Structures are given as structure tokens and as C-alpha cells.
Amino acid sequence: MIDTSGHHLVYGVLQDYLTGEELQDTDDERIRQDLMRLLVEDLGFSRQELEPRLQIVSEFNGKRVETQIELTASVNGKRLFILRYGAGSLVTREKAAIAAARILDPEYAIPLAVVTNGRDAELLDTGTGKVLATGMGCIPSREQAEKMKEDCSFEPYLDVEQRERALRILNVFDEEICCVGLKCKTTE
């Protein structure tokens, strides 16, 4: 039975493609699962190279925000890119994706980020903030990622002020506002 008590349609539960974990079955989660399948079945990544649902927590002015990174892709043990999904405009997601990629890994800034709405995508250079490619075909295959890794820099992102700026960006851009003052209903 479909739960229509909130603004998100919840169809029940589904099993996560990568981990087998039970998750709420929503339209957005179905797209996330399709993206995971795309990376494994079509683009050649192994399940072990993909990390789903990593989080970055920020807190400013009493406002705590949990930023979710839908997927992180590694090549030969190095995180090469993050993938962030959100419905709507890609341009509005660029700054937050770049900020997240810069600070997610404490050892180095992840060099690339992908933003997608499930129908379109952008590949971003997290060092410069530039859009490198557009369209769903810009999501690197495993083979392409191996080649791209050779040209990428895996430098630490240690400057305290820059890290704080990135956290502030996430705190503002990723605040959950879709429920207009109400907490999104989740299964406990």
C-alpha cells in the first residue's frame, strides 16, 4: 500500500542495490538505485568501489545539517568522484557538490563531482569548480575513470578557513526545507 500521509510517496521498502539494506521506497530512492545499477552494470564499477550514503555533518548558528553523498566512486583505493542526486536544476547543486567533494575525505579533496537529476548530469572539477562535461554520458565508466585518475591531483584540503567555508555552503544548501517546517517522515 502506498503511504500518502506526507508529501513524499512511500511505496513501502526496497532493498539497496549495493548493500542489501532496507530503505524507504520513494521515487527519489528508485532513481538513486538506478544510478547505482548504472555504475555497476553499464559503466563497469565493482560494488566494492562504490560507497553509498556517506555523510558530512555541519553546524552553524544552532542549525545542524546532515549532507548525504549519494555515492562515492573509488579507483584503485582512491576516491575519484562523488555523485550527488537531486530533482530539478543541476546548476543549483554545483556549489554544494564541489564543497562536499573537497571535504568528505579527510586525507585529500576528491578531484571530481557529478551532479545529476536522473535525466541529465554534469561532471565538475572540484579544484576549479568548472563544468568538464554534461549529459548522462559524462558519468565516467570504470575504464574512463582509470585514465582520468592519472591526470587528477589528490591534494589535502587542509586550510581551516576553506574547510569552514565549504561546511557553511553545505549547511545552507543542504538544509532540509522540503517539508516547510515539518520533519520529513521516516521509518524508524
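Need one number for the range 61-100: average projected area of the convex hull over its C-alpha atoms, nm². Before the final figure, lay out each step's value.
On the way: hull surface 15.5 nm².
Reported value for the Cα convex hull: 3.9 nm².
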Query - Fluctuation leader among Phe154, Phe81, Phe60 - the chain, Gaussian network, Cα springs under 10 angstrom - result: Phe60
Query - Cβ-based charge dipole, the chain, positive-most Cα from Val131, Leu50, Val13 - result: Val131
Requested in this report: With springs only between Cα atoms under 10 Å apart, run a GNM on the chain and tell me which of Lys78, Lys147, Lys63 wobbles the most.
Outcome: Lys63
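Please work out the average accessible area per residue across the chain, using the 1.4 Å probe convention, and give it in Å². Before the final figure, lay out each step's value.
Numbers: 10520 Å² over 188 residues.
Spelled out: the 1.4 Å probe surface of the chain, per residue, equals 56 Å².
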Requested in this report: Calculate the length of the line joining the C-alpha centroid of the range 31-88 to that of the range 98-162, in whole Å.
Outcome: 11 Å
**Report entry** Furthest towards positive pole of dipole, Leu39, Phe81, Ala99, structure part the chain, Cβ charges
**Finding:** Ala99
Requested in this report: Could you tell me what percent of the accessible area of the range 1-85 is made up of carbon and sulfur, with a 1.4 Å probe and every protein chain present?
Outcome: 44 percent
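So how strong a dipole does the range 65-117 carry about its Cα centre when Lys and Arg Cβ are +1 and Asp and Glu Cβ are -1, to the nearest 20 debye?
Values: 6 positive and 5 negative charges, 25 e Å.
In total the dipole reaches around 120 debye.
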Query raised in the report: Residue by residue through the range 18-29, which ³J(HN,Hα) values in whole Hz follow from phi under the Karplus form 6.51 cos²θ - 1.76 cosθ + 1.60 (θ = phi - 60°), with glycine and proline marked x?
Result: 8, 10, x, 5, 7, 10, 4, 8, 10, 4, 5, 5
Query - the range 73-161: mean projected area of Cα convex hull, nm² - result: 5.6 nm²
Requested in this report: Please turn the phi angles of the range 144-158 into ³J(HN,Hα) values with the Karplus equation 6.51 cos²θ - 1.76 cosθ + 1.60 (θ = phi - 60°), one per residue in order, whole Hz, x for glycine and proline.
Outcome: 5, 4, 4, 6, 5, 4, 4, 9, 8, 9, 10, 8, x, 10, 9
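For the range 1-117, what does the equivalent ellipsoid look like in terms of its semi-axes, each the square root of 5 times an eigenvalue of the Cα gyration tensor, given largest first in whole Å? Mind dumping the intermediate values first?
Numbers: eigenvalues 113, 81, 34 Å².
Equivalent ellipsoid of the range 1-117: 24, 20, 13 Å, largest first.
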**Report entry** Residue-averaged 222 nm ellipticity for the chain, from DSSP H runs of 4+ at -39500 (n - 2.57), nearest 500
**Finding:** -7500 deg cm²/dmol
Query raised in the report: Pick from Arg119, Arg47, Arg168: which residue has the top mean-square fluctuation in a GNM of the chain where Cα pairs under 10 Å get a spring?
Result: Arg119
Report summary line: If every Lys and Arg gets +1 and every Asp and Glu gets -1 at its Cβ, then about the Cα centre the range 50-188 yields a dipole, in debye to the nearest 20, of 300 debye
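Looking at the P(r) of the range 36-188, how many percent of alpha-carbon pairs lie beyond 20 Å? List each step's numbers first, then the result.
On the way: 5524 of 11628 pairs.
More than 20 Å apart: 48 percent of the Cα pairs in the range 36-188.
The values are calculated or read from the model by the stated rules, or taken from the named source; none is laboratory data. Model, not experiment: these values are computed from the prediction. When we count neighbours, we look across all protein chains shown, and the Cβ atoms used for this are built from the backbone with ideal geometry, even at glycine. Ligands, DNA and RNA are excluded from the accessible area calculation, which covers all protein heavy atoms including side chains. Shrake-Rupley method; radii C 1.70, N 1.55, O 1.52, S 1.80 Å.
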